[in-house]
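Structure first, commentary second.
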Amino acid sequence: MTVLRKVARPLLASMFVSGGYNAVRHPAPLVPVAEPVTDRVTSAIGRRTSLLPEDPESLVRLNGAVQLGAGLLLALGRAPRLASAALAVTLVPTTLAAHSFWTIEDPEKRAAQRIQFLKNASLFGGLLIAAADTHGKPSLAYRTRHAAGHASDAVAHQAHAAAGRVGDVAGSAVESVTDVVEAARKRLP
């Protein structure tokens, strides 16, 4: 399975590396297509944070930079789950902006854009699978639950052992007090 991942990840990432590089270097041709989506993004998210640029060209470049960086990480197998998730997030506005086939009147152009939309939907599914791939290892949630269970068992064992020691000490103390009381009683007239 490792060989499969080493081949599949770069193949999945190749489109994002190429498209991201192009968007970072030459965003101007992409801006008119992206503008309807970037306008909605800036109106919905932009007022909540000052970290997001407002002009469409900067948003296209930012999206491209994320695709380029995450694509390279995925291709190299570095943080592949995080990289896949980041690519999936960037693919949504890209697909909505570039392949909104439902707005096109010409049947041939509509069919071509539908194919591109479905291609991106397929890539999105592949990215979701890659984001969930634990490489044959248990997930972080499983490992956390497993460690918590071990910790709980260890604490219970230690508490039981401490209770036993306290019980032994208490029993010894009761015996000592009883012996002292008995000795004192014998000395009394």
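The values are calculated or read from the model by the stated rules, or taken from the named source; none is laboratory data. Since the structure is predicted, the reported quantities are computational estimates derived from the model, not experimental observations. Quick reminder, even Gly has a Cβ in these numbers, built from the backbone with ideal geometry, and neighbours come from all protein chains shown. Only protein heavy atoms, including side chains, enter the accessible area calculation; ligands, DNA and RNA are left aside. Shrake-Rupley method; radii C 1.70, N 1.55, O 1.52, S 1.80 Å.
Just a few scattered comments:
- Relative contact order of the range 1-64, taken over Cα pairs closer than 8 Å and 6 or more residues apart, is 41 percent.
- Correct option for Cα extents along the principal axes in Å [calculated from the coordinates] among (i) 45, 38, 32; (ii) 118, 45, 30; (iii) 46, 32, 32: (ii)
- Calculated P(r) of the range 83-189 - Cα pairs past 23 Å, %: 66
- Cα centroids of the range 52-117 and the range 129-183: 51 Å apart.
- In this structure, residue 168 and residue 134 have a Cβ-Cβ separation that, at R0 = 45 Å, corresponds to a calculated FRET efficiency of about 0.45.
- For the chain, excluding the exposed loop sites themselves (GluC sites (Glu not before Pro), DSSP loop, at most 16 other Cβ atoms within 10 Å), the longest remaining stretch covers 106-189.
- When the helices of the chain are scored as -39500 (n - 2.57) per DSSP H run of n ≥ 4 and the total is divided over every residue, the value at 222 nm lands at -28000 deg cm²/dmol.
- A 1.4 Å probe run over the protein chains yields, for the range 1-136, 61 Å² of accessible area per residue, whole-number rounding.
- DSSP-loop trypsin sites (Lys or Arg not before Pro) across the range 44-79, with at most 12 other Cβ within 10 angstrom: 47, 48, 78
- The chain: relative contact order in percent, alpha carbon pairs under 8 Å with at least 6 residues between: 20
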